[in-house]
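The values are calculated or read from the model by the stated rules, or taken from the named source; none is laboratory data. Computed from a prediction, not measured in an experiment: that's the story for all the values here. Cβ placement follows ideal geometry from the backbone for every residue including glycine, while neighbour counts extend to all protein chains displayed. With ligands, DNA and RNA removed, areas are computed over all heavy atoms of the protein, side chains included. Shrake-Rupley method; radii C 1.70, N 1.55, O 1.52, S 1.80 Å.
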Amino acid sequence: MPKVTVDGQEIEVPAGATVLQACELAGKEIPRFCYHERLSIAGNCRMCLVEVKPGPPKPQASCALPATEGQEIRTDSEMVKTAREGVMEFLLINHPLDCPICDQGGECDLQDQSIAYGRGGSRYHENKRAVTSKHMGPLIKTIMTRCIHCTRCVRFSEEIAGVDEIGALYRGEDMQITTYLEQAAKHELSANVIDLCPVGALTSGPYAYEARPWELKKTWGIDVSDAVGSNIRIDSRGREVLRVLPRINDDVNEEWISDKARYQVDGLTRRRLDKVWLRKRGKLTEATWDEAFKKIAAAKPGKSIAAVAGDMLDCETMFAAKALLKASGSGLIESRQTGMDYDTSNLAAVNFNSGFSGIEETDAMLIVGSNVRWEAPLVNVRLRKAASKGAKVFIVGPEWDPTYKATFLGEDASVLSNLPAEVAEALKAAERPAVIIGAGGFAAGAHASAVKIANDFNMVRDGWNGFNALHISAARMGALMLGYAQDGGIADIAKAKPKVLLALGADEVDFSKFEDSLKVYIGHHGDKGAHAADIILPASAYTEKPGTYVNTEGRVQRGDKAVFAPGDAREDWTILRALADALGVTVGFDSFHELRAAMFAEVPALAHDGEVADYGAVAKAVKGNASPTGAIPSPIKDFYLTNPIARASAVMQQCSNELILGDTLAEAAE
């Protein structure tokens, strides 16, 4: 490890580190625009200039210069100060300086660094250049005259998203960043370029002119649009969530989030359930909480009560419902709304055991029934890293564009019983082989087959666990830890013909199987579940309550309450607590603190925030057909409309129309 001296302080740096990284290890701030820790080095903004000896007597770009033994680095010399002032002056000669109307104002790198490192005035009097704004889809607003050609957006699209849609045209003063044919950026991570842009060239279209950053209350949360459990920051003003941004968590989402996680939040104010409704003579009419509870109690359910958990539910709500049913003498609880009934007796066999960061190290991988790019875009980013290191990827199921080299083996599950020789050889020769079974694989009955393949090819070995289940529901692993699974899935619930069915935010259930049940929907949106319900009790969305969530790799995470629910809506656990009184049963908690304590006592793993639950070893075999046949289905038909919040979102609907269905946006004159 080489030793270097930074402003008189000698430090040891890792081999291969750059001078910029050495300076940061020494606690020195180096300004930069083009450099980003997760992108390749471009070295084109020249803002990170430092003085290095031995070397030429001129400032050098620290981001592209390797740190070597004996270097003397100065970050505070007069030469460096003058050079940075010059670079900043050049960057600003064509910048429009329209900060008062720019959405980047208040969180703009160019603003901050011009104050910290600029000279405070310009000697440039010529006309500024102007660049036409580009169309990059419904999410990204462009004002390209502000662009400083840092190329962060270009490198992100190519290296992280794997979709070469953004690039540069022309040279010198005529250079422009564009999507070439000015088409929308059609990938699920496109809006991350907004966070990457150090100026106001790429800003958020839906959030344009909504608020300034200092007006917003910032709350830590967990995304529930998929099972990755991305760490997010919820920015709100008053009782409205205005935007969602990613938080850095290298083990989960690094510093990216999907477009759906970022932009579905406008759906939180649309089609909301904010009053109690009762169905009378086939029509929903407004009612009071007391009337609703009396009607449920009048059904005298006793033991004949069931609960189905939705895909976006927190563990506390599920535990409260389980406690209510347990006190009533019922064990009819289920979370797999669409009818899947795979074996859940061994949780390691339904978990993403390699971990998101671990899957990057695989060298041969078989994906069964999963369009990873739609089901978990941030996991696809990890798989792309593995493929870029040489991992061989094989996919069984419907074809999709994975953004990396992969071999499709067919759509029929029978392929799993007789893997091609090429696949078998690759898995056998691999040091870290892996199998990933997605929702389509579970639906096709391929669970037992995937477990068999993992055992046949010794995928679970010392220091490596290559068996992975990729769920699409944010609530799935937490629900399974709490026992929300029947041996026959939801068919068992329907067979029991419960007098009362509690649909806890469950919108994907086939309610026609429960025609004789009193259907009570406890949720936040007027979606499919509310349309089928006999009684609607308005509840809180994920931004309106504290909650514990477990992602598909078994990581326990917590989100906080950002805003209050609208109207008469209440936090889910309080509704279930009041319902317990109406039914005359005791659940053992009267406050959220008591509820959490009881939940931790029953499932201790849920108490360890940020840690991955230990489910033990993957079973040698699970119940089911080890030789499945038939086409593997694709569970997601439209990436942007997978949950009630997204379906209520005008932005997600526009994305679906333009990016999935191919509709062009009509101009006003049309």
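Of the residues making up segment 287-338, just one is among the acidic types (D, E), more than 17 Å from G588 (Cα to Cα) and touching a Leu at 6+ places or on another chain (Cβ under 8 Å), namely E291. Considering segment 84-108, and only residues there that are open to solvent by less than 20 Å² (accessible area, probe 1.4 Å) and not in a loop (DSSP other than H, G, I, E, B), the residue that is nearest to S122 (Cα to Cα) turns out to be M88. Only residues that are over 31 Å from the mean Cα position of the chain (by Cα) and assigned to a loop (DSSP other than H, G, I, E, B) were counted across segment 489-546, and they come to 7.
Taking the criterion of being outside any loop (DSSP other than H, G, I, E, B) and either open to solvent by less than 10 Å² (accessible area, probe 1.4 Å) or free of Cβ contacts under 8 Å to residues at least 24 places away in the same chain (or both), the residues of segment 162-178 that qualify are G167, A168, L169, G172, D174, I177, T178. Restricting attention to segment 109-125, which residues are charged (D, E, K, R), exposed (fewer than 15 other Cβ atoms within 10 Å of the Cβ) and in a helix (DSSP H, G or I)? Of everything in segment 109-125, just one residue is charged (D, E, K, R), exposed (fewer than 15 other Cβ atoms within 10 Å of the Cβ) and in a helix (DSSP H, G or I), namely D112. Please go through segment 227-239 and pick out each residue that is open to solvent by less than 10 Å² (accessible area, probe 1.4 Å) and either assigned to a loop (DSSP other than H, G, I, E, B) or closer than 19 Å to S370 by Cα (or both). Scanning segment 227-239 gives A227, V228, G229, S230. The one condition from (1) in a strand (DSSP E or B); (2) open to solvent by less than 70 Å² (accessible area, probe 1.4 Å); (3) touching a Ser or Thr at 6+ places or on another chain (Cβ under 8 Å); (4) not charged (D, E, K, R) that I257 does not meet is (1).
For segment 64-74, the condition of being surrounded by fewer than 18 Cβ atoms within 10 Å (Cβ to Cβ), of a type in the set (A, V, I, L, M) and touching a strand residue (DSSP E or B) at 6+ places or on another chain (Cβ under 8 Å) holds for at least one residue.
Taken together, the residues in segment 324-355 that are crowded, with 24+ Cβ neighbours inside 10 Å, assigned to a loop (DSSP other than H, G, I, E, B) and touching a Ser or Thr at 6+ places or on another chain (Cβ under 9 Å) amount to 4.
Against the condition in contact with a Gly (Cβ under 7 Å, 6 or more places away or on another chain), farther than 20 Å from A450 by Cβ and modelled with pLDDT under 95, how does E334 come out, does it pass? So E334 passes the test. Considering only residues in segment 12-49 that are open to solvent by 20 Å² or more (accessible area, probe 1.4 Å) and of a type in the set (A, V, I, L, M), the one that is farthest from P59 (Cα to Cα) turns out to be A15.
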